Structures are given as C-alpha cells and as structure tokens.
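The structure under discussion appears below in the form of structure tokens.
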C-alpha cells in the first residue's frame, strides 16, 4: 500500500471549483480514493492553507494528517542546505523553506510514493535534490491530467 502527499497548491485547486486546475485536481483526488490510496496532508500544508482558507473546508474525512516531527526537521536541514547552496540553479524561483519541509516529510515517510502539486517550478528543487541525495518519492504536476500521467483511457 502506498500513499500520496498533497501539496497546499493541490488543495487550493481542489477546493476552488472556479480554478483552471480544479478538474485535474478533483480527478486525481477521485482516482486515488478509488484505488484506496492513503491521501496525506502535512501540518505544514494545513498552516499554509489557513493563510487564506478556512480549516473547516479541508476534506479531513479522506485525509491522514502528517505532523512535522524531529526526523522531518533533520532531513529539512539537509534539503534546505542543498537548495540554498544551489539557489542560482533555481532562478527565477527562490528556495522556499516550506517546500524543503514538505519534501523532507515525503522522503522520510516510506509509504509516500507521490507528491502532488500544481507548482510546476517545484520540480527544479526536486531535481536538484535528486542529483545530490536519494529522494524516495516522485513528483506529480497536476497540470498533466491523471489519465495521461497513469496511461489510463478516460472514457
């Protein structure tokens, strides 16, 4: 059994039916629920979402909360050090500390296979980390529809 870590940007699109990526995020959400894949949300993403959204809007019934812990903090330090050291390779994007935290959580949790996000620029950071460490998860950009990503005919 594997699980998926949902990024804040994924949740924003999932919960806003007027967003251009709402359909893609909803389809990924349904696909993973139908496959009985555990959907995880970090306490980091909950905090980010609450900046502009209401915590009560989050679909906690179908989400497993992943608290940020000591091991995540240690791995975040390693990831952030790399990202800050090579920040020139990330331009025009800057190193975002919360991204390093979420990547660390996804890497530490052995059940997490995928990290779902609409942040296409995050792949630069992940590729930078992959070239210098052994990341255990795969990035999915929800700009690519789920059926294309998984090779499924959407009939």
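Coordinate-derived values only; no laboratory data. Model, not experiment: these values are computed from the prediction. Positions of Cβ are generated from backbone atoms using ideal geometry, with glycine treated the same way; all protein chains shown enter the neighbour counts.
Starting from 0.36 nm per residue, how many nanometres of slack lie between residue 153 and residue 38 once their C-alpha separation is accounted for?
The span from residue 153 to residue 38 would gain 39.1 nm if fully extended.
Can you tell me the orientation of helix 70-85 relative to the chain, as the angle in degrees between its alpha-carbon axis and the longest Cα principal axis, to the nearest 10?
70 degrees
Could you work out the equivalent-ellipsoid semi-axes for the chain, taking the square root of 5 times each eigenvalue of the Cα gyration tensor, largest first, in whole Å?
Semi-axes from the Cα gyration tensor: 24, 17, 16 Å.
Can you divide the C-alpha Rg of segment 38-93 by 2.2 N^0.38 Å and report the result to two decimal places?
1.45
Applying a 10 Å radius around every beta-carbon, put 27-38, 115-126, 58-69 in order of their mean neighbour count, most first.
115-126, 27-38, 58-69
Please state, to two decimals, what the Cα-based radius of gyration of segment 114-155 comes to when divided by 2.2 N^0.38 Å (N = residues).
Normalised Rg, Cα atoms only: 1.32.
Could you tell me whether segment 8-54 comes out rounded, prolate or oblate from its Cα gyration tensor? Rule is a ≥ b ≥ c as square roots of the eigenvalues, rounded for a/c under 1.5, then prolate if a/b exceeds b/c, otherwise oblate.
It is oblate, given that a/c is not under 1.5 and a/b is not larger than b/c.
Note the angle between two axes, namely the Cα long axis of helix 22-34 and the longest principal axis of the Cα atoms of the chain, as a number of degrees from 0 to 90, rounded to the nearest 10.
The answer is roughly 80 degrees.
Please report 141, 19 as a ranked list, fewest other C-beta atoms within 10 angstrom at the top and most at the bottom.
Sorted ascending by nearby Cβ count, the order is 19, 141.
Take the alpha carbon gyration tensor of segment 70-155, find the square roots of its eigenvalues, order them as a ≥ b ≥ c, and report rounded if a/c is under 1.5; if not, report prolate when a/b exceeds b/c, else oblate.
oblate
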